[in-house]
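For reference, the structure discussed in these notes is given below.
What follows draws every value from the coordinates through simple rules; no lab data is involved. Because the structure is a prediction, the values reported are computed rather than measured. Heads up, the Cβs are rebuilt from the backbone with ideal geometry, glycines too, and the neighbour counts pull from every protein chain shown.
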């Protein structure tokens, strides 16, 4: 998670593992500049087998070590701050890298390494989603007409 998010196809092929947009409640434990333990309970923005992007109000710096706890499983993992977005307001996007890859930390199955949104399966899913939107829209129109006739 060392680099800021990118939507270009080239960066996807260079990634160590696929990013997945997933909100997971976590606890961040770190030491501030006075060596006092600080704790914050943010959610992830994206996750992968090597880390996450989280929104933090606590001030952290690139290279700082912190512990990330999965609130659901209670598992802890040691992380290093790899990226801090300086352009946001109170909450900053913070990219953290696990010190050791830990794909099971998130309790999800990641897409295979060769998967892209250009794959036939992804296009089929996108087409299915568009078709479902059309069906929902039509169903809502019919429901609306029915309710007006009552």
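Normalised by the empirical 2.2 N^0.38 Å for globular proteins, what value does the Cα Rg of segment 9-106 take? That works out to 1.03 for segment 9-106.
A Förster distance of 22 Å, applied to the separation of the beta-carbon atoms of residue 99 and residue 27, puts the FRET efficiency at 0.80. Packing, as the average of other Cβ atoms within 10 Å across residues, places the peptides 66-79, 23-36, 94-107 in the order 94-107, 66-79, 23-36, highest first. Take the Cα of residue 145, step 7 Å toward its Cβ, do the same at residue 108, and the gap between the two points is 3.9 nm.
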